[in-house]
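Student: Structure provided below as structure tokens; questions to follow.
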Amino acid sequence: MPKIIGASLAEHRANVLTRLFEALSELMSESGFAAVSLADVAARAGVGRTSVYNYFSDKEALLLGFIEHETETFVHRLHAALEHVTDPQQQLRIYVREHVNLERSFHLPPGPDLRSVVSPETARRLRHHVVQVEDTLRRILSDAVGAGMLPAQDVESVVPLINACLMGPALSASGPGRDRAIAAAEAFIMRAVGVPEHVVTADEVALGA
């Protein structure tokens, strides 16, 4: 009988899923998704290989479970950070910071885009999770344009451009250059969507602004 990891079956299931997701993330970052097998994941997670099939039918199902978990965690954290912020410009800054933190903790595999190495159905479902994240950014930009805080623009085209700016290696790496890269990315994005730059006046200088 398999060893129970936790005080209850529910806790056992949660613990096993956490181990499997962490193992998959590590292995994908090392060798890419195509090279990973369920046996590899089970071994890295310290879980019996046959036990994995109690949760996922194949490695694409495991990938979808992992992406869904990461997306739900990020969206929940993002909504919590935005909950009491009404200024769309500040909301955009928060989105940028949260997205950068996501990219640092969410290890995507090296090599080709995931959607090019999975089945068409899995690729479609992966896209669905991306849309969940994009929807928040789309709403922020649309609200800002509607309130006259940003110039009119093609929001549908701008959303993927912003997200592309937030996936560079300099933003996810550790080290002293990371904060500078984040600040540069944030400033670039704010300028790109038309946030007016704040000009320090002589009065503000006198007040120590």
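Each reported figure results from applying straightforward, stated rules to the coordinates on display, with no laboratory input. Keep in mind that this is a model prediction, so the values were computed, not measured.
Student: Would you kindly state how much longer the chain becomes between R125 and E30 on full extension, computed as 0.36 nm times their sequence separation minus their alpha carbon distance, in nm to one decimal?
Tutor: Full-extension gain reported as 31.8 nm.
Student: Can you give the three extents of the C-alpha atoms in segment 1-56 along their principal axes, from longest to shortest, in whole Å?
Tutor: Rounded to whole Å, the extents work out to 34, 17, 16 Å.
Student: Tell me, in nm to one decimal, what length is gained between F188 and R49 on full extension, where the rule is 0.36 nm per residue of separation less the Cα-Cα distance?
Tutor: Using 0.36 nm per residue and subtracting the Cα-Cα distance, I get 45.3 nm.
Student: Would you mind calculating the gained length between A80 and E11 on full extension (0.36 nm times residue separation, minus the Cα-Cα distance), in nm to one decimal?
Tutor: Separation in residues times 0.36 nm, less the Cα-Cα distance, equals 22.4 nm.
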